[in-house]
Structure formats: C-alpha cells, structure tokens
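Okay, structure first, notes after.
The values are calculated or read from the model by the stated rules, or taken from the named source; none is laboratory data. Please read all numbers here as calculations on a predicted model, not as lab measurements. Every residue, glycine as well, gets a Cβ built from its backbone with ideal geometry; the counts of neighbours run over all protein chains shown. The protein model used for the area step is the full one, side chains on, heavy atoms only, and it has no ligands, DNA or RNA in it. Shrake-Rupley method; radii C 1.70, N 1.55, O 1.52, S 1.80 Å.
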Amino acid sequence: MSKRLRLRNRISNRTRQRLQLVAGAFTISALLAGVWFLYNFIGEVSSARAQKAIEEVTPGRKILDGFAGRSKITINPQTLTTGIDSACPMLVSVRHDDLRLVDAGGKVTDREGNDLVITAADGETLVPFSIERFDPSIGKLLAWIYPNGSVKSDDQCFYMYYGNEKAAAVKREEPKTAFAAIWNFNGNFNVQGITPVSGEYKGIKDDEGRFAGAKDFLAVEKGSAVFEPGASMLFDKDITVSAWIRTRGSENHQTIFCNESTTGGCRLYLDKNQKLAFEVIGSNGKLASNADATGGIVLEKDQWYQVAATYSAASKSITTFINGEADRSAVVGTTYAKGGWVVLGSDSDVKSGFFNGLLDELRVSSVSLTADQIKNSWSIESEPEKLIVMDGEEVFSASPSLASIDKFEAVVNGSHVAVNWTTSYESNLDYFTLERSSDGKLFNKVASKFGNGNSDHPKNYIIQD
C-alpha cells in the first residue's frame with residue numbers, strides 16, 4: 001500500500017493577521033496610484049481638449065505668443081462707403097518708427113516684414129494680408145488687408161503685432177480671398193489663383209506705378225502676358241474685372257484683360273475713342289457688350305484711373321465704372337460662360353488689341369460687385385494714407401485694469417504645466433503676466449498673454465510653461 005505524504009505549513013494567527021494587513025495596505029496603495037494616474041490622465045486629456053477647443057475658436061492665439069508688442073490700426077469711417085467688406089481689399093499705407101528694424105531703433109525683427117501679423121478687432125483672430133512694399137530702414141509699410149468672415153462690417157480697427165523672431169522664420173500663407181485672381185504687379189508676375197506660364201514676357205518692363213509698382217505694356221506684338229486659366233478662373237454666370245490703368249493713348253482699341261474663347265469668356269478694353277468697354281461671350285458663341293451704349297468718359301493720357309466692369313446674370317446687364325462711378329450700362333441677352341486662357345495687355349489671339357500704358361492691381365472676381373462696393377474700393381485705394389491711423393504705442397494703458405476670473409487651473413502635462421483660465425468680464429485690460437515661484441516669495445516671469453481690452457463675454461486663455 002502506497003502512502004501519500006501531505007506537507008502542511010502551520011501559520012500562527014498573528015502572522016496571518018500581519019499578512020492580511022500588508023495585503024490590504026498594498027491594495028489601497030495600488031488603488032490610490034490608479035486613482036492618481038487616472039486623475040492625471042483625465043487632467044491631461046481635459047487640458048489638451050481645452051487647448052484644442054481654444055485654438056479652434058481663436059486660431060491666432062497660439063501664433064500670437066512671443067510677440068514683443070502690438071499697435072492699433074484705427075479705420076477712418078469716412079473713407080468707407082459700405083464699411084469693411086470682404087470684397088474690398090484694404091490698402092494700409094503707414095510709416096512709423098515701431099515698424100523699423102530693431103537695429104534701427106524699431107521693433108520689427110525681420111527685414112522682409114515676415115514677423116508682422118494682423119488681427120481683427122478682437123486682437124486674436126488672424127486676418128489675411130500681403131505686403132506690397134516694406135522699407136524697414138524708415139518703417140514704411142504698404143500692405144493689403146483681406147477682411148475675412150470673422151471681420152464685422154462695423155469694426156473700426158485692426159491690430160498689428162510685431163517683434164517675434166520665431167514668426168519671422170515661418171512662411172506666411174497666401175491670403176484666401178473672394179477673388180479668382182489678383183495681380184499686384186509689384187515687380188513680378190506672381191498672381192493668386194493662377195499659375196503663370198513659364199518664360200519671359202517680351203515687351204514688358206518694370207516701372208513705378210500707382211502704388212508700389214506696375215507693369216509697362218508696350219503696344220507691340222508679343223507685348224502681353226499669357227496665363228493658363230487654372231481651376232479658380234473656370235467659373236460662369238457673374239464676373240467683375242477691375243484694374244488701375246494709365247494709358248498713353250492709341251489709334252486702335254487696347255485690351256486690358258481677356259479670357260475669350262469661342263464658347264465663353266470676357267474682355268475689358270478701351271475702344272478707339274479711349275472709352276472703357278466690356279464684352280462677354282456665351283456658351284453658344286454669342287457676344288454681348290456695352291460698347292454701343294451712349295455716354296462714357298474719354299480717358300486722358302498719362303493719368304491714373306481705376307476702371308471696373310461687371311456682368312450680372314440675374315439682371316443680364318453689363319456696367320463699366322471709372323473712379324468708383326458708373327460709366328456705361330447695357331442690358332444684354334447673353335449669359336457669361338467659362339473662358340479660356342488669360343491674356344493681359346492684348347486680345348486672345350495675341351496679335352491685336354495691344355495695351356499701351358501702365359497696369360496695376362488687376363483683380364478678377366466670380367461675383368458681380370455692387371456699385372457701392374466698387375465705390376468703396378475706389379475710396380480706399382485713391383487715398384490710402386487717409387484710410388487708417390496707426391497708434392504706435394503698445395496697448396498698455398495707465399488706467400486700472402479689471403478682470404473677473406471664473407476659472408483658473410494648472411495641470412501637469414509631462415515636462416510642462418498647462419495653465420488655463422477663463423474671464424467673464426474684462427475692463428481696460430491689456431495683458432496678463434504669468435509668474436512662477438518655488439518658495440512663494442521670489443517670482444519669475446513665465447509669459448505674457450494679451451487681453452481683450454473690454455469684454456463682457458467669456459474669454460479663454462492658456463499658457464504652456
């Protein structure tokens with residue numbers, strides 16, 4: 001008979017109790033560690049979501065960190081017919097010491113002005129703009145602001161930020177506007193919305209123009225510029241073409257803009273009598289124009305004019321404008337259809353209709369602008385120095401600043417601390433300064449964040465330390 005041997009370890013009650021206490025303590029510690037980990041994880045996720053939400057609502061907030069200062073650009077309402085309008089680029093012409101390079105006593109860090117940023121009246125919503133010309137030695141800036149949907153028509157100011165070396169290293173995005181194409185002619189053939197054909201354009205030279213530059217078109221064969229239309233120009237129904245021109249005169253008609261084909265397109269030109277005319281072609285090849293309309297101003301030689309032309313599909317009408325005023329109109333039966341290759345300075349055959357003079361600020365829109373909008377553009381561009389006043393002082397007021405802070409929290413996020421807070425009310429508030437201390441006595445500055453001035457709506461702020 002085999003025997004089974006059974007080994008038993010006898011444990012005293014006291015030892016058992018001690019082991020139970022150790023196991024209980026370990027379980028509690030593990031639970032506490034789990035709660036701590038979960039708390040920090042939730043905090044990090046919450047902070048990340050809060051930061052993402054803030055950046056989605058105010059995309060300029062993160063970009064505006066690190067700027068040395070800002071100036072207020074106050075708009076002169078007397079220069080605007082319809083208020084701020086996304087269809088009317090705003091030309092800012094200003095000279096100020098703050099816009100000089102740091103080495104020259106100013107606050108700008110980049111010679112090309114790449115550290116300049118413009119926001120809406122709230123001080124944080126980025127507004128697209130492009131620099132026409134910038135001279136950092138004297139602080140002279142000529143720039144186009146393209147108001148977007150976040151800019152209200154009754155806003156009375158913008159803000160210009162400057163003095164950020166990191167911003168200067170970032171390539172500025174091209175403004176996204178309501179225009180299919182914009183030629184600024186400030187020394188090159190760069191155009192928004194259209195890819196130019198490679199190669200040289202004979203018979204054209206740079207010359208000082210209405211603003212920072214222009215193109216001199218000579219009335220000779222091949223004295224024109226030809227562009228592939230691109231997707232942005234392939235639209236139909238409504239169209240507006242506008243430009244600044246200075247003609248030398250000609251015995252023949254002179255084409256400013258043309259994208260005509262056998263099944264669509266338009267042409268803006270001066271007829272043999274130096275009057276402005278506009279024609280459109282329908283998909284059936286039928287042509288319609290206001291060239292036979294009565295009246296019309298004769299354009300004088302060597303004088304700058306802002307010219308514009310519109311076609312409205314709703315009213316089936318063509319209207320030309322000179323210096324913001326309606327010139328000639330005609331009701332037509334043709335509907336504007338998609339055009340072909342874009343030609344500046346001659347007809348689409350590039351063998352006739354050569355323009356003889358200077359051309360600047362040529363724009364094409366897929367919208368038929370109203371008479372008030374065209375007059376608005378004329379008011380802005382005829383005397384750009386009167387459009388705005390730039391307050392060169394940084395927006396730091398001597399009056400008491402008040403703010404009601406509803407929430408303030410700091411959450412550890414890896415090697416950083418995410419500090420975010422919300423205000424429900426701000427009065428004369430220029431900026432917040434965040435400081436840290438290891439002993440509660442000596443504080444060191446972490447960062448500053450511009451406030452919203454005066455506000456009675458919730459505003460969110462966040463700083464990564």
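Can you give me the long-range amide H partners of Ser312? Hydrogens built in the peptide plane at 1.01 Å from N, cutoff under 5 Å, separation of 5 or more residues or another chain.
Amide H to amide H, under 5 Å and 5 or more residues apart or across chains, Ser312 pairs with Ser317.
Just to verify a number: what accessible area does Thr109 come out at with the full protein assembly present, 1.4 Å probe, Å² rounded to tens?
50 Å²
How large is ³J(HN,Hα) for each residue in the stretch 410-416, as worked out from phi by the Karplus curve 6.51 cos²θ - 1.76 cosθ + 1.60 (θ = phi - 60°), to whole Hz, x for Gly and Pro?
Result, rounded to whole Hz: 10, 10, 5, 10, x, 8, 10.
Note down, for the stretch 261-357, the three equivalent ellipsoid semi-axes (square root of 5 times each alpha carbon gyration tensor eigenvalue), biggest first, whole angstrom.
Numbers: eigenvalues 92, 63, 21 Å².
Ellipsoid semi-axes (Å, largest first): 21, 18, 10.
Run the 1.4 Å probe and let me know the accessible area of Glu383, rounded to the nearest 10 Å².
90 Å²
State, to one decimal in nm, how far the label point of Val331 lies from the label point of Arg248, with both points 7 Å from Cα in the Cβ direction.
For the pair Val331/Arg248, the computed spacing is 4.3 nm.
Over all alpha-carbon pairs of the stretch 218-284, lay out the pair-distance distribution in 5 Å bins, whole %, shortest bin first.
So the P(r) values, bin by bin, are 3, 13, 24, 25, 19, 11, 4, 0.
Could you sort out which of Lys140/Lys449; Lys275/Lys375; Lys152/Lys386; Lys140/Lys215 sit more than 26 Å apart by Cα distance in this structure?
Lys140/Lys449, as the Cα separations exceed 26 Å there.
Apply the Karplus curve 6.51 cos²θ - 1.76 cosθ + 1.60, θ = phi - 60°, to the phi angles in the stretch 241-249 and return the couplings in whole Hz, x for Gly and Pro.
10, 9, 6, 9, 9, 9, 8, 9, x
Running Debye on the stretch 61-122 with equal point scatterers at the Cα sites and no solvent, what base-10 log of I(q)/I(0) appears at q = 0.12, 0.24, 0.28 Å⁻¹?
Here log10 of I(q) over I(0) equals -0.40, -1.16, -1.33.
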